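Each value in this text was obtained by applying a stated rule to the coordinates, not by laboratory testing. Every value quoted in this text rests on a predicted model; they were computed, and no experiment measured them. As a convention, Cβ positions derive from the backbone with ideal geometry for all residues, glycine included, and neighbour counts pool all protein chains shown.
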Amino acid sequence: MNSFTNKIIKLAEVENNLIIKNEEISKEREIRKFQEIQAKIKKEYNNIYEEYLEIFKSESDFEALKRLIFLQWYAQAEPPNLISLPNFSNVYQNEIMQSLESLFKLKKIDNEFKLMLRWYYSNTDWYFRLYRIPFLQKYLEENKDIPFEINTGNFKFDKRGLMGIYWNSLNRKIKDN
């Protein structure tokens, strides 16, 4: 394993700890203390985001890109007080979306990533319209009909931070129905 792979694994562990902290603060009765702890969680998520960005920039690591896109999307898709994600830098978000667009043009996006993007788009198409990403938008628009029962069985989501927990929970919901 190279140092960037180890770093991604460690970042997933930090994310898992933040998820636990976020669940714990939901029980906090004192609003000031809740806000104080949540601000710390948001700051830590912002640091994680920037570390994933650094890994992606230096290594062109697709796993880091998948996690960046997920964090950006999830921060928009879910209520901020529920998930404790910050408003990530618009400059970075745009940069990441442009990188995704370039990779999409070059047909370098794997099937797992395509499935993820289709799911995100089917839930929040407006989010993708914030960016100038015509190739990706065309693909997503042409493939927006996604069945509720997504087959993610071929993809492994363990030890992949908040993104992995989200997708594993989605798999469980699908299997429970």
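Quick one: which of Lys7/Lys138; Lys21/Lys66; Lys66/Lys144; Lys43/Lys108 span more than 28 angstrom between C-alpha atoms? Going by Cα-Cα distance, Lys7/Lys138; Lys43/Lys108 fall outside the 28 Å limit.
Helix 90-105 axis versus longest C-alpha principal axis of the chain: approximately 30°, rounded to the nearest ten. For the chain, the longest principal axis of the Cα atoms and the long axis of helix 3-25 meet at an angle of about 50 degrees.
Using the Cα centre of region 3-176 as the reference point, and only Cβ charges (+1 on K/R, -1 on D/E), how large is the resulting charge dipole? Debye, rounded to the nearest 20.
With only Lys, Arg, Asp and Glu charged at Cβ, the dipole is about 60 debye.
Here each label is just a point 7 Å from Cα along the line to Cβ, and for Arg32 and Lys156 those points are 4.8 nm apart.
Each other residue within a Cβ distance under 12 Å of Phe4 adds +1 if Lys or Arg and -1 if Asp or Glu, for a net charge of -2.
Each of the GluC sites (Glu not before Pro) that DSSP puts in a loop and that has at most 11 other Cβ atoms within 10 Å breaks the chain; the longest unbroken stretch is 31-148.
A cut-off under 12 angstrom between Cβ atoms defines the neighbours of Tyr121, and their net charge, with Lys, Arg +1 and Asp, Glu -1, is +1.
Partner aspartates and glutamates whose Cα lies under 18 Å from the Cα of Lys10, excluding those fewer than 8 positions away in the same chain, are identified as Glu44, Glu50, Glu51, Glu54, Glu59, Asp61, Glu63, Asp158.
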